[in-house]
Amino acid sequence: MTRIAILVLATSLAAGAQQKPPKAKPDPALVQAFGSSVGTWKCSGNMTMPKEMGGGQLKTRGTMKIRREVGGFAYSGDYTMAKNKAFAGMRARMLWTYDPIAKKFYELSADDTGGSVRGESDGYKDGKMVWSEEGAMMGKAGKSTTTITAKGKKVIDIQYEMGDMSGTDHCTKS
């Protein structure tokens, strides 16, 4: 009887070892929000500088390159703002992912001016994705809001506000 039980157990274990576990797939909410964003975006806009940096309006130009990461469970973006007469330019890296339990999108970003920001969003609603963020930007701690407005598959508008600093970008996917 013991031999039969061992034989049944061994056969069951061998059969189970041959079955591959199902491959995990990224949550559809993440793919829907970021999947079509993969590629290179050219951006132009303006920024209102903080008072301690002289205030005033500044025209901006930039490039954003978005990639799918870790099997599609995250997306990353490299942003470069071109140098101009009033601003030395900057480079930033962002990472976005989705928590299917909390039903929230999360971001983390850092730039070469010393800025670091973390944020969360409930996702796209009525063509807009609003990010509530917290961190440091240009040496100032604070809270910020970034709103991404989809204007089509290849066009987005970005609006940013943090205290007396704000900006807008119009981005087109190439």
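The values are calculated or read from the model by the stated rules, or taken from the named source; none is laboratory data. Note that this is a predicted model, so its numbers are computed, not measured. Cβ coordinates were reconstructed from backbone atoms using ideal geometry, including for glycine residues, and neighbour counts include every protein chain displayed. For the accessible areas, the whole protein counts, side chains as well, though only heavy atoms, and no ligand, DNA or RNA atoms are used. Shrake-Rupley method; radii C 1.70, N 1.55, O 1.52, S 1.80 Å.
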Amide H contacts under 5 Å for V155, restricted to residues at least 5 apart in sequence or on another chain and with H modeled in the peptide plane, are K173
Checking A102, A29, A141 against a Gaussian network model of the chain (alpha-carbon springs below 10 Å), the top fluctuating residue turns out to be A102
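Grab the DSSP H runs of the chain that are 4 residues or longer, score each as -39,500 (n - 2.57), total them, divide by all residues and round the 222 nm result to the nearest 500 deg cm²/dmol.
On the way: 2 runs with 24 residues, N = 174.
Counting only the DSSP helices, I get -4500 deg cm²/dmol.
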Quick calc: nm separation of the 7 Å Cα→Cβ label points for A24 and I101 -> 1.2 nm
Taking M94, M129 and ranking on accessible area (1.4 Å, protein atoms only), highest first, one gets M94, M129
Of 48-61, 103-116, 159-172, ordering from highest average Cβ density within 10 Å down gives 159-172, 103-116, 48-61
The answer for E69, listing residues at least 5 apart or on another chain whose modeled amide H is closer than 5 Å to its amide H, is A74, Y75, S76
Mean separation of Cα contacts under 8 Å (at least 6 apart) over the residue count of the chain, i.e. the relative contact order in percent, is 17 percent
Residues whose built amide H sits under 5 Å from the amide H of S166, excluding neighbours closer than 5 in sequence, are T48
Note to self: C-alpha centroids of segment 112-174 and segment 30-67 sit apart, in Å, by 8 Å
Heavy-atom accessible area of segment 92-174 with neighbours in place, 1.4 angstrom probe: carbon+sulfur share in percent works out to 54 percent
Karplus-derived 3J(HN,Hα) from phi for segment 36-52 (6.51 cos²θ - 1.76 cosθ + 1.60, θ = phi - 60°), whole Hz, x at Gly and Pro, runs 7, 7, 4, x, 10, 10, 9, 10, 9, x, 8, 9, 9, 6, x, 4, 5
Sorted largest first, the Cα spans of the chain on the principal axes come out in Å as 88, 33, 29
Per the 1/(1 + (r/R0)^6) rule, R0 = 22 Å and r from the Cβ atoms of S44 and K65, FRET efficiency to 0.05 is 0.85
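Tell me the per residue accessible area of the chain using a 1.4 Å probe; a whole number in Å² is fine. Walk me through the numbers before you get to the answer.
Numbers: 11140 Å² over 174 residues.
Normalised by residue count, the accessible surface of the chain is 64 Å².
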Once both label points are put 7 Å beyond Cα along the C-beta direction, the A141-A82 separation in nm becomes 3.7 nm
